[in-house]
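Nothing in this text is a laboratory measurement; each read-out follows from the coordinates by a stated rule. Bear in mind that the values here come from a model prediction, so they are computed numbers and not experimental data. Cβ: placed from backbone, ideal geometry, glycine included. Neighbour counts: every protein chain shown.
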Amino acid sequence: MSLRRLVKEALRMRPDRLVVGEVRDAEALDLLLALNTGVPGAATIHANSAPDALRKLGSLPLLAGRNIDRDFLLPAIAASVGLVVHCRRDADGRRAVVEIVAPTGRVVDGVVETRTLFGGAPA
């Protein structure tokens, strides 16, 4: 059973929240659709920085093959994602939070606008 199907089945159960581990494919579309219906949630995605995670989240749903584009996806991400926390392994192998950004709810020049809350390069 695919992660996409699991996300869809979970939504049929009217969850209080949706947690999706390791979004790597077209299930990102179902996650965004769920978040935009008011279902609170969390997900993990592999990226090199918090802004990179948002860019990746804007690309993965295109793999669903549906009639969607970035003009739909970017505002959906800006409206539904509250925080992006980027972690990195330190020299001892422990994970540490190195950056936190918050989308402002706006898309500027084809990019989800963020403000840096912790670490990272200033937006």
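Anything in region 78-109 that is in a loop (DSSP other than H, G, I, E, B), hydrophobic (A, V, I, L, M, F, W, C) and under 19 Å from the mean Cα position of the chain (by Cα)? List them, or say none.
Once the filter is applied, which keeps residues that are in a loop (DSSP other than H, G, I, E, B), hydrophobic (A, V, I, L, M, F, W, C) and under 19 Å from the mean Cα position of the chain (by Cα), region 78-109 yields Val81, Leu83.
Scan region 45-68 for residues that are free of Cβ contacts under 8 Å to residues at least 60 places away in the same chain, surrounded by 14 or more Cβ atoms within 10 Å (Cβ to Cβ) and assigned to a loop (DSSP other than H, G, I, E, B) and the total you get is 3.
The condition (being without any contact (Cβ under 8 Å) to a residue 24 or more places away in the chain and among the aliphatic types (A, V, I, L, M)) is satisfied by just one residue among Ala91, Ala76: Ala91.
Comparison of Asp71, Asp52 shows that the only residue that is out of contact with any strand residue (DSSP E or B) (no Cβ under 7 Å at 6 or more places or on another chain), under 24 Å from Leu18 (Cβ atoms) and not small (Gly, Ala, Ser) is Asp52.
Would you mind stating whether Leu11 is within 20 Å of Ala78 (Cβ to Cβ) and either out of contact with any His (no Cβ under 8 Å at 6 or more places or on another chain) or in a helix (DSSP H, G or I) (or both)? Here the answer is no, as Leu11 does not meet what is asked. Counting the residues of region 23-44 that are in a loop (DSSP other than H, G, I, E, B) and either aromatic (Phe, Trp, Tyr) or in contact with a strand residue (DSSP E or B) (Cβ under 9 Å, 6 or more places away or on another chain) (or both) gives 4.
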